[in-house]
Amino acid sequence: MKPEILLLEAMMPELEAKLDAAYIVHRPDSAPDKAAFIAALGPAVRGIVTGGGIGVSNAIADALPKLEIIAINGVGTDAVDLSRAKAHGVRVTNTPDVLTDDVADLGMALMLAASRQIPAGDRFVRDGRWAARESLPLAHKVTGKKLGILGMGRIGRAIGKRAEGFGMQIAYTDIRAFDDLPYRHVANLPDLARDSDILIVAASGGAQSRGIVNREVMDALGTHGILVNVARGSVVDEPALVAALQAGTLGGAGLDVFADEPNVPRELLAMGHVVLQPHRASATVETRLAMGELVLANLAAHFAGESLATPVV
């Protein structure tokens, strides 16, 4: 009998085909009453496949008494109660490393797009304003600028490597300094922001980082500073960000993540100095395939009684 699993976030068709071949896959998103659908499955479900942003609520976990494994198709684990999982003997896996390059690439793309006003320039041409001989305000240079990185895990380090190619002056804030890094460590986040032209957020989400990019940090970054977030929306105080951008006390932003996805503050939608993306830093064919294959590998190893490829719990 195939193990029964719950698929909480869609994957690429070829990956879902492999899931269907190996497991009995239940898709609650297709049910009119998702909670009732999950409750009815109850004791049958042994595994969950989910995304890093969606995670698994405790209400869903409580409805599945025979749950054995939660396979996260992403790197973030903040939307899963890891303490609860450990206490109940539920294994948790994620997909690190395979998405590092794509997230770092998008971080750099957002930095360039916001600094060089790429979306505004695109609209300027499409709207016929260039042909009408209108003028677009000057953008800001990136090469040689001071870059601050919040969080020097895999993604933060990959951003640093890319920024070296732009001759940027790189500094970072993390819970400690790392001896293997050539960049300057700044212990205090507002101090890092004050000494940066661009601040990229690459820190993990969760209670420990909630709202740490606050009004003080944004004021320190200043009227010409740019904030880029490819981490979690929860790391940034979103109301403070909107207020700073409206007041002009922060120069601009490049955002891939938000506090209440997919709901983006309406004020941001009208701002020409803000570049927005729909939480898609890892959204390339190559990386999503690699992530999905890692999810499949973890599930297969678990149900075969073998060591997990990328365990978290």
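The values are calculated or read from the model by the stated rules, or taken from the named source; none is laboratory data. In this text, all values refer to a predicted model and were calculated from it rather than measured experimentally. Reconstructed Cβ throughout: ideal geometry from the backbone, glycine too, with neighbour counts over all protein chains shown. Just so you know, the surface numbers come from the protein's heavy atoms only, side chains and all, with ligands and any DNA or RNA stripped out. Shrake-Rupley method; radii C 1.70, N 1.55, O 1.52, S 1.80 Å.
Some observations on this one:
- When each of the peptides 155-161, 284-290 is scored by the mean number of other C-beta atoms lying within 10 Å of its residues, the order from highest to lowest reads 155-161, 284-290.
- Counting only protein heavy atoms and a probe of 1.4 Å, the accessible surface of the chain is 53% carbon and sulfur.
- When only alpha carbons are used to place a centre, segment 8-83 and segment 91-108 end up 21 Å from one another.
- Relative contact order computed over the chain (Cα-Cα under 8 Å; 6+ residues apart), in percent: 17
- By the combined test of axial Cα extent (at least 15 Å) and Kyte-Doolittle hydropathy (mean at least 0.0), the qualifying DSSP H helices of the chain come to 100-115, 285-303.
- A protection proxy built from the mean count of other Cβ atoms within 10 Å ranks the segments 188-201, 84-97, most packed first, as 188-201, 84-97.
- Computing FRET efficiency as 1/(1 + (r/R0)^6) for Ser83 and Phe166, where r is the C-beta to C-beta distance and R0 is 35 Å, gives about 0.30.
- Placing +1 on each Lys and Arg Cβ and -1 on each Asp and Glu Cβ, with no other charges, gives the chain a dipole about its Cα centre of roughly 380 debye.
- What the Cβ-Cβ distance of Lys34 and Thr223 gives, at R0 = 41 Å and to the nearest 0.05, is a FRET efficiency of 0.35.
- Solvent-accessible heavy-atom area per residue, rounded to whole Å², over segment 247-313 at 1.4 Å: 48
- Since only Gly148, Ile170, Leu136 are under comparison, the one whose Cα sits farthest along the positive direction of the charge dipole of segment 57-192, derived from C-beta charges on Lys, Arg, Asp and Glu, is Leu136.
- Rg to Rh, two decimals, where segment 71-211 supplies the alpha carbon set and Rh follows Kirkwood: 1.09
- Backbone N atoms of segment 149-163 closer than 17 Å to the 7 Å Cα→Cβ label point of Asp180 belong to residues 151-162.
- Distance from segment 266-293 to segment 151-194 (C-alpha centre basis), Å: 23
- By DSSP, the beta bridges lying fully in the chain are antiparallel in about 5 percent of cases.
- Accessible area per residue for segment 1-139 is 50 Å², calculated with a 1.4 Å probe on protein heavy atoms, without ligands, DNA or RNA.
- Contour minus Cα-Cα distance for Ile118 and Val285 (0.36 nm per residue): 57.7 nm
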